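Heads up, the thing below is written out as structure tokens.
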Amino acid sequence: MSKRRMIIIMMAILLIGFLIWRLLRPMNIFVVDDHFAWPIDTTQAHPVLGI
């Protein structure tokens with residue numbers, strides 16, 4: 001097997017492995033903390049906001 005063909009095969013194996021890992025791994029990008037689940041107090045809003 002030529003060196004170029006071996007490199008292409010290794011890159012393909014790495015790419016397939018990365019894609020499998022990425023698709024099976026849970027996506028926790030948009031995790032919202034419980035602190036942000038509560039409403040914001042707007043009773044003392046700045047007058048510029050017009051509330």
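The values are calculated or read from the model by the stated rules, or taken from the named source; none is laboratory data. Note that the structure is predicted; figures quoted are calculated from it, not measured. Quick reminder, even Gly has a Cβ in these numbers, built from the backbone with ideal geometry, and neighbours come from all protein chains shown.
Number of residues in the stretch 1-27 that are of a type in the set (Gly, Ala, Ser) and surrounded by 10 or more Cβ atoms within 10 Å (Cβ to Cβ) equals 2.
Criterion first (surrounded by 10 or more Cβ atoms within 10 Å (Cβ to Cβ), aromatic (Phe, Trp, Tyr) and either modelled with pLDDT under 95 or in a helix (DSSP H, G or I) (or both)) does residue 30 satisfy it?
Working: surrounded by 10 or more Cβ atoms within 10 Å (Cβ to Cβ): no; aromatic (Phe, Trp, Tyr): yes; either modelled with pLDDT under 95 or in a helix (DSSP H, G or I) (or both): yes.
Considered against the rule, which asks whether it is surrounded by 10 or more Cβ atoms within 10 Å (Cβ to Cβ), aromatic (Phe, Trp, Tyr) and either modelled with pLDDT under 95 or in a helix (DSSP H, G or I) (or both), residue 30 comes out as no.
Within the stretch 2-12, does at least one residue satisfy the condition of being assigned to a loop (DSSP other than H, G, I, E, B) and at pLDDT below 75? No: the stretch 2-12 contains no residue that is assigned to a loop (DSSP other than H, G, I, E, B) and at pLDDT below 75. Which of the residues spanning the stretch 37-46 are hydrophobic (A, V, I, L, M, F, W, C) and at pLDDT 75 or above? Of everything in the stretch 37-46, those that are hydrophobic (A, V, I, L, M, F, W, C) and at pLDDT 75 or above turn out to be 38, 40.
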